[in-house]
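Notes to accompany the following structure.
The values are calculated or read from the model by the stated rules, or taken from the named source; none is laboratory data. Since we're looking at a predicted model, the values are computed, not measured. Glycine gets a Cβ as well: all are built from the backbone with ideal geometry, and neighbour counts include every protein chain shown.
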Amino acid sequence: MRNAFSDAIVAAAKADPKVLLLTGDHGYALFDEFRRTCPDQFVNCGVAEQNMVGVAAGLAKAGLKPIVYGLACFVPIRTLEQIKLDVCYEELPVVFIGDGAGLVYSSLGSSHQSAEDIAALRAVPNIDILSPCDVHEMRYTLAHALRFERPVYVRMGKSDVGTVHAGPCAAPLGELLPVRTGGGTRDTAFIATGSMVRSAMDLAGSLEDNPVWSAPSIKPLHAGQIEALAREFDQLVVLEEHNRMGGLGGAVAEIVAGMRGPRAQVLRLGVDDRFSRFNGSWDYLRREHGIDPDALRARVLQSRSEGR
Amino acid sequence: MSQAFSATAIRRAVLSMAHAGATVHIACAFSLVEILAVLYRRHLRYPDNDPDGPLRDYLILSKGHGVMAQYACLREKGWIPQEALDRYFGDGTPLKGLSDAHVPGCEVTAGSLGHGLPVGVGMALAAKLAGTGQMCYAIVGDGEMNEGTMWEALLFAAHRRLDNLVVIVDENGFQAMGRTAEVMGLGSLRDKFSAFGFEAVDVDGHDEAALDGALDALRANRDGRPKALVARTVKGKGVSFMEDDNRWHYTRLNPETYAAAMAELEQA
């Protein structure tokens with residue numbers, strides 16, 4: 001997945017000298033190939049992320065095509081106002097890459113964990129929020145982002161949980177992609193994004209053979225598709241490595257809340273609305289926040305018993 | 001025939017706008033009038049008079065609070081109509097109280113301070129990379145130099161050797177709540193710019209000839225160092241009862257103060 005990211009930006013930079021890669025002094029090994037092949041298009045902006053985003057806006061205004069790379073705790077969180085005002089207000093073609101989103105930087109603590117990036121950006125107009133789950137979705141989301149038509153945020157989370165799709169993805173941006181058809185049960189459908197798509201597939205298989213959709217785009221999000229699922233199923237379970245507030249689960253719940261008539265209950269599963277308490281691995285923190293496989297299964301089963 | 005971009009005419013236009021719209025920030029606009037006048041009159045190049053032309057020089061009003069003075073210049077450039085000034089601050093009109101990039105001739109959306117300079121640095125870098133010879137002039141406030149992004153931008157500009165960047169500080173000695181020396185002392189800005197690798201000069205920011213000469217000299221010296229012009233100014237300059245009085249950051253005109261101020265400017 002990370003190799004696919006590197007390959008895509010190297011290819012974009014080789015094809016177009018206007019493509020520039022800006023980093024706030026991060027990406028030590030990740031950008032080796034880029035720096036080797038396109039050294040003049042690599043701009044290390046130093047440990048100064050807010051200036052980096054402003055500079056990217058200025059470059060874009062002058063006709064260049066900047067990719068801004070940072071850890072999600074800095075891009076978009078530390079630089080949120082620059083993204084809003086310098087880039088999104090003018091709808092400039094800047095691509096933001098937020099690496100290590102969610103609980104990836106587990107042992108670095110709350111400074112580097114980032115479970116609020118989707119919620120923060122969702123309320124900013126003019127920016128697409130993409131969250132690939134595997135190598136195929138990485139290529140699919142970057143293919144959109146690297147057209148440089150408008151601001152795009154690509155959320156890079158835990159990247160080594162396995163490949164989900166059998167082959168390349170092709171769908172209009174905003175659509176959910178089916179990743180598990182299920183056995184015809186109509187009680188629960190799963191919708192997940194990023195690292196949690198793999199978890200959703202495992203969970204669905206361990207319950208009643210439920211279907212699973214992946215959401216590589218959180219904004220835009222195809223409301224009609226979600227409404228159809230909410231009419232077809234009794235329950236929509238939404239999974240994400242993000243705070244349960246304001247992320248994909250929030251976006252789905254907002255759509256379903258606007259429907260009239262019979263509709264699915266929405267169960268939002270994600271990171272607790274609190275900072276992590278202890279040091280630990282990614283697996284440990286998933287347990288601490290109740291989004292490890294056993295806890296997820298228990299939460300789904302409990303919600304059903306409460307619903308009946 | 002009166003001179004193009006006359007400082008007095010700009011101040012009158014600002015006063016009319018502030019009166020029409022019952023707006024604040026009059027003193028913020030008055031301190032940078034000569035800076036804008038000199039830039040628009042002799043330094044900024046807009047091929048085909050196109051505010052969006054790809055080879056234009058860039059004027060960044062990072063200190064967005066002075067935007068009324070820029071609106072007066074943009075009207076003289078022919079990019080916004082007189083009617084927009086006459087109806088300033090009316091509901092549903094395009095000109096806002098702070099610099100807004102959707103207005104022709106305004107490069108940045110500023111007034112949330114510390115935003116314009118980094119964007120201007122990016123534009124200066126783009127011009128350097130493309131080798132077009134475009135200049136970027138960024139007008140910043142001394143109060144704005146409280147913002148950390150300003151210093152990030154200075155480091156970056158010096159590191160990338162952006163000698164096509166001229167940072168012009170409207171050093172009027174005030175920020176929103178009081179004198180800069182009392183709120184967040186800046187010491188010598190010229191020394192600070194020099195320490196950051198800039199070629200830095202300071203001049204009387206209301207002396208048009210001095211500004212003109214300093215800008216010529218800075219632009220001519222393409223030695224790799226970005227440029228800083230610290231313009232010593234007076235907040236509220238041009239109207240005796242507004243000068244060096246921070247209340248005119250906030251005070252709206254009434255019929256009496258408007259008449260008195262306009263009378264002073266008529267005599268200027």
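Summary of values
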read-out: Residues being more than 7 Å from chain B (Cβ to nearest Cβ), among the small types (Gly, Ala, Ser) and outside any helix (DSSP H, G or I) - total across the range A:47-62; value: 0
read-out: Single unsatisfied condition, B:Asn146 versus (1) closer than 28 Å to B:Glu182 by Cα; (2) surrounded by 22 or more Cβ atoms within 10 Å (Cβ to Cβ); (3) of a type outside the set (D, E, K, R); value: (2)
read-out: Subset tally (residues that are touching a helix residue (DSSP H, G or I) at 6+ places or on another chain (Cβ under 6 Å), of a type in the set (Asp, Glu) and either closer than 19 Å to B:Arg56 by Cβ or within 10 Å of another protein chain (Cβ to nearest Cβ) (or both)) for the range B:114-152; value: 1
read-out: Matching option when the condition is surrounded by fewer than 20 Cβ atoms within 10 Å (Cβ to Cβ) and outside the structural domain of A:Asn279 (by TED's automatic domain parsing), among A:Ser131, A:Ser110; value: A:Ser110
read-out: Which listed residue is within 30 Å of A:Pro17 (Cβ to Cβ) and either among the aliphatic types (A, V, I, L, M) or surrounded by 23 or more Cβ atoms within 10 Å (Cβ to Cβ) (or both), from A:Ala145, A:Ala189; value: A:Ala145
read-out: Every pair of residues 6+ apart whose Cβ atoms lie under 8 Å, when the first sits in the range A:76-89 and is facing another protein chain (nearest Cβ under 7 Å) and in a helix (DSSP H, G or I) while the second is surrounded by fewer than 19 Cβ atoms within 10 Å (Cβ to Cβ) and at pLDDT 95 or above; value: A:Glu81/B:Ser112; A:Leu85/B:Ser112
read-out: Condition check for B:Ala130: free of Cβ contacts under 8 Å to residues at least 12 places away in the same chain, crowded, with 19+ Cβ neighbours inside 10 Å and more than 23 Å from B:Arg41 (Cα to Cα); value: no
read-out: Unmet criterion (only one of (1) without any contact (Cβ under 8 Å) to a residue 12 or more places away in the chain; (2) within 14 Å of chain B (Cβ to nearest Cβ)) for A:Leu108; value: (2)
read-out: Subset of the range A:2-18 that is in contact (Cβ under 8 Å) with a residue 60 or more places away in the chain, touching a helix residue (DSSP H, G or I) at 6+ places or on another chain (Cβ under 7 Å) and surrounded by 22 or more Cβ atoms within 10 Å (Cβ to Cβ) - its residue that is nearest to A:Pro66 (Cα to Cα); value: A:Ile9
read-out: Hey, A:Gly98 part of a strand (DSSP E or B) and either out of contact with any Lys or Arg (no Cβ under 7 Å at 6 or more places or on another chain) or in the same structural domain as A:His26 (by TED's automatic domain parsing) (or both) or not; value: yes
